[in-house]
Amino acid sequence: MLDFLKKRRREALRSEPFPEAFRAIIEKNVPYFQRLSHADQDELLGHMLVFLDEKKFEGCGGLEMTDEIRVTVAAQACLLLLHRETDYYPELDVILVYPGGYRAPVRETVDGGVVIEGEQERLGESWTRGIVVLSWDGVLAGAADISDGHNLVLHEFAHQLDQEGGPVDGAPLLPRRSMYAAWARILGREYHQLVRDEASMRHTVIDPYGATNPAEFFAVITEAFFEQPRQLRARHAELYALLKEFYQQDPAQPT
């Protein structure tokens, strides 16, 4: 019964008129919106109404929360939901936004079991406790250039999709059970190739940061899939095809 009521409420939200002031923000800050077909634009706007209704935003580090911030983040986060059955990032409760880069505590164990504690400058992170942290400067920069392969919001929200499949390990919840074998084989092969390329300092379409671990690999290939789709398809055809099947989008094809 609760699922039925949630579905009905979301359907009602998606059918509401989209505020013109919000659309103006998208057209100003999210140029990727113009890449979408009219049908996909309409679907995206509907998803955004649900997302903005269900997710909390909080300003940090003196940042005052505004509709511009909320809408700019939502437009990019909801791009990952097009054409897919979605529960709107069910593990996510709140998005924390700093004005710029922020310092976060880190704890690392090095050789000999020595634990080193300190701080690290960050632009964003996705937690397993219902939180995404973003820097507003990073959000704007990632949205402004739609072909550099770097987008902070897509990266962190790919981690949120990853969480839906269980541990954050680069294997999100896939639409069909039959996809898991190919996902493990192709992403595993491509990840290990990136690790070798990074060690040899070979240039790749895929951001070398993806060699950190399989979870980061999934996040950076999501960025490449949406922002450098033709390069990714040309050099990593099987990987591109798998992401196309997962995201139910084909950004390499003009709309």
Among Gly165, Gly124, Gly142, residue whose mean-square fluctuation peaks in a GNM of the chain (springs only between Cα atoms under 10 Å): Gly165
Helical contribution to [θ] at 222 nm, DSSP H n ≥ 4, -39,500 (n - 2.57), averaged over the chain, rounded to 500: -15500 deg cm²/dmol
Space enclosed by the convex hull of the alpha-carbon atoms of region 1-145, per residue, Å³: 147
Extension gain, Tyr209 back to Ala252 (0.36 nm per residue minus Cα-Cα distance, nm): 13.2 nm
Selection of GluC sites (Glu not before Pro), region 43-78, meeting DSSP coil and at most 10 other Cβ within 10 Å: Glu64
Alpha carbon convex hull of region 152-207, volume per residue in cubic angstrom: 97
When each of Lys6/Lys56; Lys6/Lys55; Lys6/Lys244; Lys7/Lys244 is checked by Cα-Cα distance, pairs over 24 Å: Lys6/Lys244; Lys7/Lys244
Taking the chain and dividing mean pair separation by its residue count, relative contact order in percent (alpha carbons under 8 Å, at least six apart): 16
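None of the figures in this text is laboratory data; all of them are computed from the coordinates on show. Note that the structure is a prediction, hence the values are computed from the model and not measured. Quick reminder, even Gly has a Cβ in these numbers, built from the backbone with ideal geometry, and neighbours come from all protein chains shown.
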